[in-house]
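No value in this document is a laboratory result; all are computed from the given coordinates. Values in this document were obtained by computation on a predicted structure and should not be read as measured data. Positions of Cβ are generated from backbone atoms using ideal geometry, with glycine treated the same way; all protein chains shown enter the neighbour counts.
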Amino acid sequence: MLMIVKIAITILVAFVGISEAAVNTYVSVLPQKYFVNAIGGERVKVSVMVAPGASPATYEPKPKQMVDMSKTDIYFSIGVPFEKTWLKKLAALNRNMAVVATDEGIKKRTVEAHTHNDEHTDGNEHGGSKDPHIWLDPVNVIKQAEIITETLCRADPDGCPIYKNNKADFIKKTSLLHNQIQHTLSGASGGSFMVFHPSWGYFADRYGLNQIAVELEGKEPKPSDLKDFVKLSKELNLKTIFAQPQFSKKTVELIAKETGTKVAAVDPLAYDWADNLIYVSELIADSLR
């Protein structure tokens, strides 16, 4: 009986040790959780600020999330709008929490003020705010993986060999993903796709596509703009218009009704990041055939 108790205590101590050794992290959006999980594995706990279906442009942290900051070792930011208002406040709740910008060194594209034309734009020729959706370009994600790995190694040196091995595997898979998307969209270069919110600019730029955003500078289009989108959709013979779960489908459905196109949902904030990009690339390729 005594031996059983000793074994039980040993297992409990080992379990507690593992729990205390974990690095507690917070990220802003779900795709970041995918990245940190891939690199950190079981040594890292990842919590997400913006809940599924919510918008990172208008999100406000919940009371429980504010309390969680006291137990957080690292906050990985990515440049989404709510961070401008809340990041300093969250950091003030835990002076020991490291706030790490995973978008550091990544050149931000400018959100097009007006995109209803049939010419490709790289997103840097028009006035507007900076586009935060850097995670929708696999090449940008490889850069983020380096930052995540370096940060975890500083916080948990004992786990550094694991993080580096996981990073190498993640980068290999991400490179293969990039190649797969290139292959899927190989016949679509220069093609256009219409989406409500301009989330997919980095994806479009990387793969030679033209994103046509229905939402103009954060606002619903005016009736005159709506007519332009209907006309453009017909001129380009678009088969599909893309909606996002974070926004109302009403405007997209109006355009689809007038043009006889389909409405498909694409989520820029999906957790299953790699599968999601494959899915979106296939949807766009099908819409341009």
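Can you sort D275, D228, D267 so the residue with the fewest Cβ neighbours within 10 Å comes first?
Values: D275 12, D228 15, D267 19.
Starting with the residue having the fewest Cβ neighbours, the order is D275, D228, D267.
Computed from these coordinates, which is percent of Cα pairs over 27 Å apart: (1) 42; (2) 46; (3) 49?
Derived directly from the coordinates: (2).
Hand me the GluC sites (Glu not before Pro) from the stretch 190-240 located in a DSSP loop with no more than 15 other Cβ atoms within 10 Å, in residue order please.
Details: sites: E215, E217, E235; in loops: E215, E217.
In loop regions of the stretch 190-240 (DSSP not H, G, I, E or B), the sparsely surrounded GluC sites (Glu not before Pro) are E217.
How would R95, R206, R109 line up from fewest to most surrounding beta-carbon atoms within 10 angstrom?
Values: R95 6, R206 17, R109 22.
Fewest to most other Cβ atoms nearby, the residues stand as R95, R206, R109.
Give the cross-link partners of K71 among the lysines, using a straight C-alpha distance below 29 Å as the criterion and excluding same-chain residues fewer than 8 apart.
K33, K45, K62, K84, K88, K89, K143, K164, K167
Give the calculated FRET efficiency between K249 and K222 to the nearest 0.05, with a Förster radius of 22 Å applied to their Cβ-Cβ distance. Let's see the in-between values first.
Details: r = 19 Å, r/R0 = 0.84.
The pair K249/K222 has a calculated efficiency of 0.75.
Dipole size in debye (nearest 20) for the chain around its Cα centre, Lys and Arg Cβ +1, Asp and Glu Cβ -1?
Numbers: 33 positive and 34 negative charges, 131 e Å.
The calculation lands at about 640 debye.
When the chain is fully extended, how far beyond the present Cα-Cα distance does N165 get from A22, taking 0.36 nm per residue of separation?
Numbers: separation 143, 0.36 × 143 = 51.48 nm, distance 1.74 nm.
Extra length from N165 to A22 when fully extended: 49.7 nm.
Projected onto the charge dipole of the chain (+1 at Lys/Arg Cβ, -1 at Asp/Glu Cβ, origin at the Cα centre), which of I74, A285, T261 gives the Cα projection farthest towards the positive end?
Positive-end residue among those listed: I74.
For S175 paired with S189, estimate the spin-label separation in nm (one decimal), with each label point 7 Å from Cα along the Cα-to-Cβ line.
The answer from the label model is 2.2 nm.
For the chain, modelled as a GNM with alpha-carbon contacts under 10 angstrom, which of G41, G159, G105 fluctuates the most?
G105
Please report the relative contact order for the stretch 184-287, taking Cα pairs under 8 Å with a sequence separation of at least 6, and give it as a percent rounded to a whole number. Intermediate values should be presented prior to the final figure.
On the way: 138 pairs, mean separation 30.6, N = 104.
Dividing the mean separation by the residue count of the stretch 184-287 yields 29 percent.
So for the chain, averaging the separation of alpha carbon pairs under 8 Å that are six or more residues apart and normalising by length, what relative contact order in percent results?
On the way: 452 pairs, mean separation 50.9, N = 289.
Reported relative contact order: 18 percent.
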